[in-house]
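Participant: One structure is given below, represented as structure tokens, and several questions about it will come after.
Coordinate-derived values only; no laboratory data. A quick note: this is a predicted structure, and the numbers were derived from the prediction, not measured. We place every Cβ from the backbone using ideal geometry, glycine too, and count neighbours over all the protein chains shown.
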Amino acid sequence: MSSTTYTVSGMTCGHCVSAVTEEVTKIPGVTDVQVDLGSGAVTIASGTTLDDDAVRAAVDEAGYELVTR
Ligand SMILES: [Cu+2]
């Protein structure tokens, strides 16, 4: 079990938060997703090592941009 914090740009409201949470939750192995709207921090807990490309793709799918890692 590990957790990684990424930064996502473009989120402006609770709807954005739920869109990102929904897509990221679909990544295999992800057990929890916490989004801080103010800072854009997205903390992802997973049972396996996260694939940064999968996170990037999920955030992109939601309509936002991964700005770190
Ligand atoms: Cu929004």
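Participant: Hey, can you rank 27-34, 56-63 by average C-beta count inside 10 Å, highest first? Can you show the working numbers first?
Facilitator: On the way: 27-34: 14.8, 56-63: 16.6.
Per-residue mean Cβ counts within 10 Å order the peptides as 56-63, 27-34.
Participant: Oh, and also: Assign unit charges at the C-beta atoms only (+1 for Lys and Arg, -1 for Asp and Glu), then state the dipole size of the chain relative to its Cα centre in Debye, rounded to the nearest 20.
Facilitator: Dipole of the chain, to the nearest 20 debye: 120 debye.
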